[in-house]
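A short write-up of the structure that comes next.
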Amino acid sequence: MPVPILKQGHYLVASIQDALSDGEVLELQENLLKQIGEFRARGIIVDVAAMDVIDSFASRSLRTVALTTRLRGAEMVIVGIQPDVAFAMVRFGLYMDDINTALDLEEGLEFLDRWIAERADADEG
Amino acid sequence: MRDEVLVAIASDADVVLARQTGRSMATQLGLSRSEATLLATAISEVARNIVEYVGDGQILLCIVNLNGMEGVKVVATDSGPGIENVEKALQDYQSSGGRLGLGLPGARRLMDEFHMISEVGEGTTVTMTKWKGSRGG
């Protein structure tokens, strides 16, 4: 089942519902990158709370979407990394230093609102 | 609870099945959520290696009991081309194929025990164990 991507204002929200196979991760990656252009999205939120595991493949794929999104002039934030998953990622040595993360959907939305506001300020100044 | 489950690995769906089976065995044995996730992540990496580099193989998951310790042992086997330099494959950023070689060294850091043997032309076997209540969760 493909990951549902909802449009919320200027943002796209991808809410992962279940464990994802590599194929499904790649499909999500492709759909998100396509929809940024289609909907002229300013930001993307990927909710990974339902992901059982974030291994090297999943983290590399998420990072690719985040960096590609940035090149398209938008910004992405990953929300909902579970505590045990975060712990395993650190143990593993998977770093996402240049990627935005937030606790949950609400904080993710706040982050993107702030990001857009700061960019508007910079444009004016 | 079954003490032993064999998962045939041939596709990315099997990777998910193997790690979910491992997690459920760990949870039933009483491993913590963190321990179960470390195990599931390591299984995901070795299973993906089979699909990506060899095509198919199998993963045997079993409950082990040693000197009063309980844990889940994973034996991942394939009959692929094998790896010439196992030590090198276990070093960060050194795996074949020009990819970032994070998978095996990462998996080794997640588990309490990790052994890999490989014979060129014969295949590769990774054996790894996660103990219940192990140091560092």
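Please treat every number below as a calculation from the coordinates, not as lab data. Owing to the predicted nature of the structure, the values given are computational and were not obtained by experimental measurement. In this analysis, Cβ positions are derived from the backbone assuming ideal geometry, glycine residues included, and neighbour counts consider all displayed protein chains.
This ranking places A:Ile54, A:Ile5 by how few other beta-carbon atoms lie within 10 Å of each, fewest first, which gives A:Ile5, A:Ile54. For the protein assembly as shown, give the share of DSSP beta bridges that are antiparallel, in percent and rounded to the nearest 5; count only bridges with both residues there. Restricted to the protein assembly as shown, the bridges split so that about 75 percent are antiparallel. Each helix, a run of at least 4 DSSP H residues, gives -39500 (n - 2.57); summed and divided by the residues of chain B, these come to -10500 deg cm²/dmol at 222 nm.
Cβ-to-Cβ counts within 10 Å put A:Tyr95, A:Tyr11 in ascending order as A:Tyr95, A:Tyr11, the fewest first.
Net charge dipole, the range B:4-131: roughly 440 debye, given to the nearest 20, about the Cα centre with Cβ charges of +1 for Lys and Arg and -1 for Asp and Glu. Computed over chain A, the per-residue total of -39500 (n - 2.57) for DSSP H runs of n ≥ 4 gives a 222 nm mean residue ellipticity of -17000 deg cm²/dmol, rounded to 500.
Computed over every Cα-Cα pair of the protein assembly as shown and binned at 10 Å starting from 0, the pair-distance distribution P(r) comes out as 7, 29, 31, 20, 10, 3, 0 percent. Relative to its Kirkwood radius, the Cα radius of gyration of the range B:1-47 gives an Rg/Rh of 0.96. The long axis of helix A:22-39 is offset from the longest Cα principal axis of chain A by roughly 10 degrees.
For chain B, the spherically averaged projection of the C-alpha convex hull amounts to 7.8 nm². Could you pull out every one of the lysines with an alpha carbon less than 16 Å from that of B:Lys130, ignoring same-chain neighbours closer than 8 positions? B:Lys130 reaches B:Lys73. For the range B:26-33, 3J(HN,Hα) computed residue by residue from phi via the Karplus equation (6.51, -1.76, 1.60; θ = phi - 60°) reads 5, 5, 5, 7, x, 5, 5, 4 Hz, glycine and proline entered as x.
For B:Lys132, a cut-off of 16 angstrom between C-alpha atoms picks up these aspartates and glutamates, skipping any fewer than 8 places away in its own chain: A:Asp84, B:Asp3, B:Glu35, B:Glu70, B:Asp112, B:Glu113. Give me the Å³ per residue figure for the convex hull around the C-alpha atoms of the range A:5-124. That works out to 96 Å³ per residue. Between the range A:1-52 and the range B:29-58, what is the C-alpha centre distance in whole Å? Going from one Cα centre to the other spans 25 Å.
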